[in-house]
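**Q** Have a look at this one.
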């Protein structure tokens, strides 16, 4: 068995993962607005990082707005 077939790394923390340790894989296209490019991407996450991604995205846009207010206004609603 080839090492490249049995191991990968977490796309968030960078830790080495054996294929059986991958908690989530995302395959798809991306648009890079900063560098004006696009392409295909494959992201793989360990269990800990995937749990973080799920927690962050669970609240959606309302959570993002709340966090922005907390960072920029000390939590005050203006």
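**Q** List every residue pair whose Cβ atoms lie under 6 Å apart, where the two residues are 6 or more positions apart in sequence or sit on different chains, the first residue falls within segment 18-38 and is in contact (Cβ under 8 Å) with a residue 12 or more places away in the chain, and the second residue, located anywhere, is surrounded by fewer than 10 Cβ atoms within 10 Å (Cβ to Cβ) and assigned to a strand (DSSP E or B).
**A** The qualifying pairs are 29/40.
**Q** Let me ask something else about it. Identify all residues within segment 22-60 that are under 21 Å from residue 6 (Cα atoms) and part of a strand (DSSP E or B); write none if there are none.
**A** Within segment 22-60, 24, 25, 26, 27, 41, 42, 43, 44, 45 meet the criteria.
**Q** In segment 1-19, which residue that is part of a loop (DSSP other than H, G, I, E, B) and touching a strand residue (DSSP E or B) at 6+ places or on another chain (Cβ under 9 Å) is farthest from residue 54 (Cα to Cα)?
**A** 15
**Q** Hey, another quick one. With (1) closer than 25 Å to residue 67 by Cα; (2) exposed (fewer than 11 other Cβ atoms within 10 Å of the Cβ); (3) modelled with pLDDT of 95 or more as the list, and residue 55 as the residue in question, which single condition is left unmet?
**A** Going through the list (1) closer than 25 Å to residue 67 by Cα; (2) exposed (fewer than 11 other Cβ atoms within 10 Å of the Cβ); (3) modelled with pLDDT of 95 or more, residue 55 breaks only (3).
**Q** Restricting to segment 20-38, name every residue that is surrounded by 11 or more Cβ atoms within 10 Å (Cβ to Cβ) and either more than 20 Å from residue 50 (Cβ to Cβ) or at pLDDT below 95 (or both).
**A** 38
The values are calculated or read from the model by the stated rules, or taken from the named source; none is laboratory data. All figures in this text were calculated on a predicted structure; none of them were measured in a lab. A quick note on method: Cβ atoms are made from the backbone with ideal geometry, for glycine too, and the neighbour counts reach across all protein chains shown.
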